[in-house]
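Notes for the one structure printed next.
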Amino acid sequence: MTVRLIAERVLSAKEQALLTALQDCARRHSISPERVSAAFKRIIRTPGSLLWSEWRRRGFVEMPVDLRTTTDHETLLDLFCLDEGKNRSKTSWRSLSPEERRRAKKLGKFVDGEATHRKGRPITVDVPLILYVAFTLEAMTCSTFGISRPDDSRAVRPPGGPMFRALMAGLALHVERAPNPESVADIVQLTKTDRFQRLSERLGLARHAEAVANRPNEFILAIGLSRRN
């Protein structure tokens, strides 16, 4: 494919790969070039609020190792009630049993971390960045994110399809090491669960890229709580 000019500059190899993937989506969903261009610009101009974890890993920014955002009792109580479906207005920290308080504190530590699994081996992926690109693609195609698994002779069928390839190309623009495709697919599939949708409603989270950019930590929480482990 001929290298294109966007905003009077030559595209990098990764940008060209993203544009090619977006054009594949356009052919599948009959999308206008204008919508492809808008999605392309939104992805390459991803807000810094979604790149913080990657910047930390690459040493661009520093954060105190003892930083905590969810240690106060009211915040822990909010998380506990959200996780267990309790009525927040009828629950107080004093009313919780010692075991319930321990669970609330463990939940706070989980939310402050970078993992997306609350048990077992943690998988550290940039949840907000994945959701930002995925929701941008949904808006571009006017459809729910689709992932296909080619029916071939291999025992393991990796995730694929035009939208998923575009998602991985978008992530490659901003991260040094590409995340495991299965981990990315897992995050996207969680957003389709009833539990995630209920949590999003309770938190007031819209399924939109701009909402992810404005409230990344709450989307991390919704994804983490959507797992039943």
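Structure values in brief
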{"read-out": "Peptide ranges 158-167, 196-205, 83-92 listed from the most packed, as the mean C-beta count within 10 angstrom indicates", "value": "158-167, 196-205, 83-92"}
{"read-out": "Too-long pairs where the Cα-Cα distance tops 23 Å, listed order kept, from 86/106; 86/109; 14/192", "value": "14/192"}
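No lab work stands behind these numbers, since they all come straight from the coordinates. Computed from a prediction, not measured in an experiment: that's the story for all the values here. Virtual Cβ from ideal backbone geometry, glycine too; neighbours counted across all protein chains shown.
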